[in-house]
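Below is one structure; the comments refer to it alone.
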Amino acid sequence: MPYTLSDRVLALAGLHQAVHGVVRIARTGSADQDAMTASLLSLFQVDADTVEAVFGAPGALADGMRQLLTQLTGTPERDLEMTRHMALLIRLERQLSARPELLDRLSEGIEAARHKREHFGLLHLNLLAHFADLYSDTISPLGPRIMVRGEPQHLRDTDNQNRIRALLLAGIRAARLWRQVGGTRWQFLFQGRQIIEEARRYLARHG
C-alpha cells in the first residue's frame, strides 16, 4: 500500500515519544504512563490496519508530536541528547535489519511477551524486565551502546533500567516503522516545513 507523509510523521512521533520517555526516566525517575503505554503497545502490533493504530487509540502520540515539533523548531529548546539517541536508534535498526537471526530472536521474544502481557498487564515490572532482557539480547550486541545520562539515583534503580531498555526497544520499533513507510534522513532537509505542519494538525485534533 502507498504510504503518506502523515504515516511517516506518525512513525517519527513514535520514535520521539519513546526517546522522550527514556530521558524523563533518567532525569526524573518517572515517565508519562499514557505515552509509555502507547510506545510499549507498538511492540505487539504486527498487523495493524494503519500506522496510527500501531500506537493504539487516536491521540496516543500527542507527546511524541510535541517533542517532534520542539526538535524541529527549537521552541522552546531542542534536546540534543534526544537527537543523539534517535540517530543512534535509527542506525541500530538498520544494523538489526541485516541480522535475520536477531530479528527471529526478537520476534520470538515478543511472542513470549504476549503471554506475560495477558497475565500481568502492559506496564507490569515483569513485562518491562522481559523487554529489557530482549533489548540486551538482540540490540546491545550490535553496538555502539546508547549511553543514557541522568540522575545517578534514578539510573541505578533496576526498575528504571528496565523501563529505559523497554522504551529503547520501542524506539527501535518506531525507527523500523519509519523506514518501512519510506522515511529517510533527507526528509528533514527537504520536507521539514511539511512535517511541522502535519504535527501541528495532529495536535490540533488530539493535543
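Just so you know, all these numbers are worked out from the coordinates, no wet-lab data involved. Keep in mind the model is a prediction, meaning the values are calculated, not measured. Note that we place each Cβ from the backbone using ideal geometry, even for glycine, and neighbour counts take in every protein chain shown.
Sorted fewest first by neighbouring Cβ atoms within 10 angstrom, 138, 70, 50 come out as 50, 70, 138. Size check on the chain: the Cα extents along the three principal axes, sorted descending, read 40, 40, 31 Å. Rounded to 0.05, the FRET efficiency of the residue 189 and residue 99 pair, given R0 = 35 Å and the Cβ-Cβ distance, is 0.75. Of all the options 49, 157, 34, the one that moves most in a Gaussian network model of the chain with Cα springs shorter than 10 angstrom is 49. The 3J(HN,Hα) values that the Karplus relation (6.51, -1.76, 1.60; θ = phi - 60°) gives for the range 154-164 are, in residue order, 7, 6, 6, 5, 4, 5, 5, 4, 5, 4, 5 Hz. Gly and Pro appear as x.
Highest mobility in the GNM of the chain, judged by mean-square fluctuation with C-alpha springs under 10 Å and restricted to 110, 25, 172, is found for 110. Using a 10 angstrom cutoff on alpha carbons, build the Gaussian network for the chain and name the most mobile of 18, 175, 87. In the Gaussian network model the winner is 87. The 3J(HN,Hα) values that the Karplus relation (6.51, -1.76, 1.60; θ = phi - 60°) gives for the range 47-56 are, in residue order, 10, 5, 5, 9, 5, 4, 5, 4, 9, x Hz. Gly and Pro appear as x. In loop segments of the range 1-97 as defined by DSSP, the trypsin sites (Lys or Arg not before Pro) with at most 16 further C-beta atoms inside 10 Å of their C-beta are 78. Our note on the geometry: Cα centres of the range 17-68 and the range 184-200, 20 Å apart.
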